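J.: Before anything else, here's the structure in question.
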Amino acid sequence: MTKEATQDSGRSAALEQTRRENLRLFAIFRDPDASESERSAAREDLVHLHLALVEHCARRFRNRGEPFEDLVQVGTIGLIKSVDRFDTERGVEFSTYATPTIIGEIKRYFRDKGWAIRVPRRLQELRMQISGATSELTQTLGRSPTPREIADAIGCSVEEIIEGMESSNAYATLSLDATDDSDDGGPSMLDAIGIDDEALEHVEIRESVKPLLESLPPREKKILLLRFFKNMTQSEIAAEIGVSQMHVSRLLTRTLEQLRASLDHD
Amino acid sequence: MITSGVGARYDVELRLPADGAYAAVLRTLTAGLAARLDFTMDDIEDLRIAVSETAAMVLDEADEGADLVCRFRLEPGELQLDCSTTSAAPTKPDYDNFGWQVLTTLTTDASVEATPGHYAVRIALRSTLDTQ
């Protein structure tokens with residue numbers, strides 16, 4: 001036994017136990033003589049047994065702007081499908097069989113349901129390529145890349161990148177009467193629309209901005225301060241806060257719109 | 001990149017109804033032009049916000065039924081925008097304004113021209129690549 005194998009023996013014992021439990025449950029689930037309730041209990045236990053696999057898969061997609069819990073939920077649908085379809089005679093591990101199905105389900109969720117506005121699949125895929133290439137190039141170049149550099153990296157034209165940038169704005173749209181994420185509910189987009197801006201020019205803004213800044217959620221306030229007072233770029237802020245640059249951009253735009261709206265109310 | 005001739009300069013003009021519904025068209029066009037000038041993605045995001053603020057300022061002053069005239073000047077690594085409208089009695093520019101603070105932070109140069117009958121906001125942005 002090698003050194004690594006000794007270290008792993010604890011883990012592999014647990015794996016072995018899971019494997020045995022898996023076989024036992026599948027035997028019941030596939031047993032034509034078992035009662036309907038026995039089989040459905042075995043199915044349920046199988047799903048619970050492999051839930052960690054779903055979480056493992058979902059974790060890989062955590063930083064793409066969808067809540068982790070939602071990803072676990074759709075991933076679980078993939079797991080249930082795998083349990084129903086898995087053929088124990090095939091001689092492959094259940095996890096080997098289920099992982100692509102679970103990931104497929106999560107990916108489909110991003111592709112089909114994650115988009116607030118229906119965008120052609122070609123553009124959705126392009127957007128993912130753009131955001132992937134953007135973070136990669138930001139790393140290697142040490143600065144935000146140009147659309148041309150992204151186009152070269154992906155192997156498409158600058159025009160396509162521009163198209164993709166436009167479509168990325170459709171990924172997350174806000175409901176008109178949606179408020180911000182905080183519980184006390186700030187002003188909604190609806191409040192910002194259709195209001196007379198005339199008074200804005202006469203307000204002594206500097207005084208009124210202060211309380212507004214204070215009322216912002218901590219993260220929004222931090223982004224705003226980093227951007228306008230420390231003069232950091234969106235990519236730098238993204239790195240500092242640990243979200244994507246796209247997300248910083250959306251938050252910033254939304255915060256500015258809220259501030260404009262609030263200023264006008266006063 | 002726009003490469004035809006060293007120091008090549010191009011002008012683009014856009015005339016829109018002075019109505020907030022068209023601001024998105026201006027934003028999209030600006031992003032498209034900046035991409036061709038090799039601005040970075042961060043620059044382009046800044047530009048989107050700056051153009052929104054510019055349009056908001058000019059729209060506030062526009063006369064009923066007026067047009068928004070947007071003149072771009074494209075130079076290697078720099079984009080200038082002159083956004084103007086007809087305004088019978090424009091208000092005096094307020095440099096303490098929050099929108100103005102945003103605009104001056106995001107642009108390399110910003111100015112307002114308010115004369116009876118005319119209101120214009122001019123902004124200029126240099127590409128990060130060009131200033132490095």
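The values are calculated or read from the model by the stated rules, or taken from the named source; none is laboratory data. These numbers come from a predicted model, not from an experiment. Quick reminder, even Gly has a Cβ in these numbers, built from the backbone with ideal geometry, and neighbours come from all protein chains shown.
J.: Regarding the stretch B:35-44, can at least one residue be identified that is on the phi > 0 side of the Ramachandran plot and within 8 Å of chain A (Cβ to nearest Cβ)? Walk me through how you get there before you give the answer.
T.: So in the stretch B:35-44, the residues on the phi > 0 side of the Ramachandran plot come out as B:38.
Imposing the further condition that a residue be within 8 Å of chain A (Cβ to nearest Cβ) reduces the set to B:38.
Scanning the stretch B:35-44, I find at least one residue that is on the phi > 0 side of the Ramachandran plot and within 8 Å of chain A (Cβ to nearest Cβ), so the answer is yes.
Residues checked against (1) under 27 Å from A:Gly142 (Cβ atoms); (2) modelled with pLDDT under 80; (3) not assigned by the TED database to the domain that holds A:Ala133:
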{"position": "A:Gly194", "(1), (2), (3)": "no, yes, yes"}
{"position": "A:Ile205", "(1), (2), (3)": "no, yes, yes"}
{"position": "A:Leu212", "(1), (2), (3)": "no, yes, yes"}
{"position": "A:Arg219", "(1), (2), (3)": "yes, yes, yes"}
{"position": "A:Phe229", "(1), (2), (3)": "yes, yes, yes"}
{"position": "A:Gln234", "(1), (2), (3)": "yes, no, yes"}
{"position": "A:Leu251", "(1), (2), (3)": "yes, no, yes"}
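A quick yes/no check of all residues on (1) crowded, with 17+ Cβ neighbours inside 10 Å; (2) more than 13 Å from every other protein chain (Cβ to nearest Cβ):
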| site | (1), (2) |
| --- | --- |
| B:Gly65 | no, yes |
| B:Glu75 | no, yes |
| B:Glu78 | yes, yes |
| B:Ser84 | yes, yes |
| B:Asp96 | no, no |
| B:Ala110 | yes, yes |
| B:Pro116 | no, yes |
| B:Thr128 | yes, no |
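J.: Go over the candidates B:Thr91, B:Thr105 one by one and state the one that is within 13 Å of chain A (Cβ to nearest Cβ), modelled with pLDDT under 90 and touching a strand residue (DSSP E or B) at 6+ places or on another chain (Cβ under 9 Å).
T.: Values: B:Thr105 fails: touching a strand residue (DSSP E or B) at 6+ places or on another chain (Cβ under 9 Å).
B:Thr91 is the lone residue from the list that is within 13 Å of chain A (Cβ to nearest Cβ), modelled with pLDDT under 90 and touching a strand residue (DSSP E or B) at 6+ places or on another chain (Cβ under 9 Å).
J.: I would also like to ask the following. Show the residue pairs that are 6+ apart or on different chains and have beta-carbon atoms under 6 Å apart, the first residue being within the stretch A:235-253 and small (Gly, Ala, Ser), the second being part of a helix (DSSP H, G or I).
T.: A:Ser235/A:Thr138; A:Ser235/A:Gln245; A:Ser235/B:Asp42; A:Ala238/A:Gln245; A:Ala238/A:Val248; A:Ser244/A:Ala238; A:Ser249/A:Gln234; A:Ser249/B:Glu45
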